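One structure below.
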Amino acid sequence: MKLNLSLLVLALACMSVARAQTEKGTKNLGLFVGYTTQKNSSGSSAQEEKRTTFNIGPTFSYFIADRLDLGGSLTYFRTELDYQGPNSYSNGSSMDQVGASVFLRKHIMLSEQFGIRTGPFVTFTKGESTQDYVNDADNAVKSNSFSGGVNLGIEYFPVKRIGIAANLASLSYGHSRMKQQQGTQDVTKVNSFEFDVTNGLNLSVFLVFGGNSK
């Protein structure tokens, strides 16, 4: 069973008692950092795939009502895939993306410091990936992706003007369009439904200001 590193870091952040700042008129300005690594293996072909993802970016939200905020974020993504095995046709691939999201979140406070936040989101990303083939030239693929769904996360306010949050899970639909930059200029379209449970580090630290947080 994998340990959710975000929950561990969040628990260690408990330092003092303060009132959660989720009143109408309050603003949040923060920074999000995420890191995950995952290994998949195939016993029949002795193939192993290792995926590492890192993302970072700013977030801002405004409480349009008590415990309900509307906001957006910008994110840079870096994903690397490494393949190992006797039948690997590729050494791996890397992808760089930039994305923008808009979200609406309902905050359910379980105490003055600790709460749950959930709500819909829409994300658009644009990027380029490069495949490192074993016996061929590298091939670049450009992609545009759209996704929308619902996020579930937790939040903690260790002091009056500082909050810490972590995503726990998301349910989403995504549509991607990928185009090769060499060869036949093939265009590939992919539609997917995903339920993702976070098992890596994904924390946002944000400053609370405005409202009654002064």
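The values are calculated or read from the model by the stated rules, or taken from the named source; none is laboratory data. Bear in mind the structure is a predicted one, so any value in this text is a computation, not a measurement. Cβ atoms come from the backbone with ideal geometry, glycine included; neighbour counts cover every protein chain shown.
Select from the range 79-108 the residues that are of a type in the set (D, E, K, R) and closer than 20 Å to Q38 by Cα and write down the one among them that is modelled with the highest pLDDT.
D96
Only one residue in T22, T59 is assigned to a loop (DSSP other than H, G, I, E, B), surrounded by 14 or more Cβ atoms within 10 Å (Cβ to Cβ) and at pLDDT 85 or above, so which one is that?
T22
What are the pairs with Cβ atoms under 7 angstrom where one residue, in the range 185-199, is under 20 Å from S129 (Cβ atoms) and among the charged types (D, E, K, R) and the other, located anywhere, is modelled with pLDDT under 85 and surrounded by 10 or more Cβ atoms within 10 Å (Cβ to Cβ)? Sequence gap at least six, or different chains.
D186/Q180
Are any of the residues in the range 180-189 hydroxyl-bearing (S, T, Y) and at pLDDT 90 or above?
Taking every residue of the range 180-189 in turn, none turns out to be hydroxyl-bearing (S, T, Y) and at pLDDT 90 or above.
Quick check on this structure: which one of S143, S111 is modelled with pLDDT of 85 or more and surrounded by 15 or more Cβ atoms within 10 Å (Cβ to Cβ)?
Selected residue: S143, the only one of S143, S111 that is modelled with pLDDT of 85 or more and surrounded by 15 or more Cβ atoms within 10 Å (Cβ to Cβ).
In the set L70, L10, which member is in contact with a Ser or Thr (Cβ under 7 Å, 6 or more places away or on another chain), closer than 25 Å to G149 by Cβ and either at pLDDT below 90 or hydrophobic (A, V, I, L, M, F, W, C) (or both)?
L70
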